[in-house]
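Working notes for the structure below.
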Amino acid sequence: MRISVSHKTHYRYERPVKALTQILRMTPRGDGGQHVRRWRIEPSVDGRLHPRQDSFGNIVHTFSADATVEAITMCVTGEVETHDAGGVVRGSVERLPDPVYLRDTDLTVPDEAIRAFAQDLGGGSSDRLATLHRLLEALHRQVAFDTSPTHVTTTAAEAFALGRGVCQDLTHIFIAAARCLDIPARYVSGYLYRVDGVVEQEAGHAWAEAKVPHLGWVGFDAANGISVSDAHVRVAVGLDYLGAAPVRGSRTGGGSEDLDVSLTVDSAQRQAQT
């Protein structure tokens with residue numbers, strides 16, 4: 001599948017910002033499941049855009065504005081050709097040993113409820129893949145997708161107690177439960193081509209990857225209750241949302257800010273036909 005992405009993030013500040021730096025994890029890299037045909041990042045203001053790679057192997061750009069900024073739009077456009085590998089990740093850049101992905105973070109620390117949930121589904125089982133699929137199915141049934149009650153700092157335990165959350169929350173719960181079972185797991189940020197035909201989306205997508213013996217890293221989309229497929233564009237990985245967030249940054253001045261996101265994820269073939 002060829003997937004076309006247009007992602008615009010617009011910031012408007014109450015007062016001029018004297019110094020602005022943004023860390024962007026918004027560029028996918030090729031692996032066995034996807035080939036990046038074209039990709040471009042365009043800031044709306046003058047500045048310096050420096051590429052590098054982080055410890056997880058993500059492509060990272062650091063943007064520093066040259067002058068005072070009252071508003072900025074970060075425009076990301078590109079096209080990725082994907083292949084369905086049944087959720088198995090092949091050819092990814094791996095720089096860290098598996099035990100790193102067993103570490104708890106503030107967003108993924110399990111409470112007793114998550115520990116009990118994980119043990120009920122996988123305690124004593126030696127079939128890691130089957131356990132992960134049971135976890136995926138149970139989590140999708142038990143925690144409803146809802147954009148209202150949570151925010152970017154909501155923890156896995158808080159979202160699990162609410163029984164509601166967005167893809168970020170379900171991913172954090174899945175990761176917390178997997179790590180309770182001594183299964184290395186990590187957060188993935190990216191994009192999802194929706195088979196229901198919805199092209200304009202409110203935000204990017206998130207899912208989890210877990211390490212399975214003899215298979216490697218395998219992707220699980222808890223928000224949709226499915227294995228990762230050629231509808232997913234993989235962009236960045238981390239221990240949680242903060243390690244794979246598309247945009248993080250710092251600024252001096254500016255007061256409050258307004259944020260608007262415009263995102264379209266479409267089939268490149270359909271776009272060409274229209």
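Observations, loosely collected:
- Test result for residue 182, touching a helix residue (DSSP H, G or I) at 6+ places or on another chain (Cβ under 8 Å), touching a residue at least 40 places away in the same chain (Cβ under 8 Å) and acidic (Asp, Glu): yes
- Residue in region 104-119 that is surrounded by 13 or more Cβ atoms within 10 Å (Cβ to Cβ), of a type in the set (Val, Ile, Thr) and under 30 Å from residue 7 (Cα atoms) present: yes
- Checked against (1) under 12 Å from the mean Cα position of the chain (by Cα); (2) in a strand (DSSP E or B); (3) surrounded by fewer than 22 Cβ atoms within 10 Å (Cβ to Cβ), residue 242 passes all but condition (2).
- In the condition set (1) surrounded by fewer than 20 Cβ atoms within 10 Å (Cβ to Cβ); (2) hydroxyl-bearing (Ser, Thr, Tyr); (3) closer than 22 Å to residue 152 by Cβ; (4) in the same structural domain as residue 170 (by TED's automatic domain parsing), residue 125 is compliant with all but (3).
- Residues in region 1-57 that are aliphatic (A, V, I, L, M) and part of a strand (DSSP E or B): 3, 5, 17, 19, 20, 23, 24, 26, 36, 41, 49.
- Residue under evaluation residue 82, criteria (1) among the polar types (S, T, N, Q); (2) more than 25 Å from residue 229 (Cα to Cα); (3) touching a residue at least 60 places away in the same chain (Cβ under 8 Å), criterion not met: (2)
- Count - residues of region 151-198 that are of a type in the set (D, E, K, R), touching a strand residue (DSSP E or B) at 6+ places or on another chain (Cβ under 9 Å) and in a loop (DSSP other than H, G, I, E, B): 1
- Selected residue (criterion: surrounded by the most Cβ atoms within 10 Å (Cβ to Cβ)) from residues of region 83-103 that are in contact with a Leu (Cβ under 8 Å, 6 or more places away or on another chain) and either in a helix (DSSP H, G or I) or outside the structural domain of residue 171 (by TED's automatic domain parsing) (or both): 101
- Search result, residues across region 252-274 that are closer than 22 Å to residue 64 by Cβ and buried (at least 17 other Cβ atoms within 10 Å of the Cβ): 254
Residues are listed down the side, and each one gets a yes or a no for (1) among the hydrophobic types (A, V, I, L, M, F, W, C); (2) buried (at least 21 other Cβ atoms within 10 Å of the Cβ); (3) on the phi > 0 side of the Ramachandran plot:
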residue	(1), (2), (3)
172	no, yes, no
176	yes, yes, no
197	no, no, yes
247	yes, no, no
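- Among the residues making up region 200-212, a single one is among the aliphatic types (A, V, I, L, M) and either under 18 Å from residue 35 (Cα atoms) or not in a strand (DSSP E or B) (or both): 203.
- Restricting region 24-45 to residues that are in contact with an Asp or Glu (Cβ under 9 Å, 6 or more places away or on another chain) and either outside the structural domain of residue 268 (by TED's automatic domain parsing) or closer than 19 Å to residue 250 by Cβ (or both), the residue that is surrounded by the fewest Cβ atoms within 10 Å (Cβ to Cβ): 45
- Test: residue in region 213-230 that is part of a strand (DSSP E or B), surrounded by fewer than 21 Cβ atoms within 10 Å (Cβ to Cβ) and out of contact with any Gly (no Cβ under 9 Å at 6 or more places or on another chain): yes
The values are calculated or read from the model by the stated rules, or taken from the named source; none is laboratory data. Just so you know, these numbers come straight off a predicted model, no measurement behind them. Neighbour counts are summed over all protein chains in view; Cβ atoms, including those assigned to glycine, are modelled from backbone coordinates with ideal geometry.
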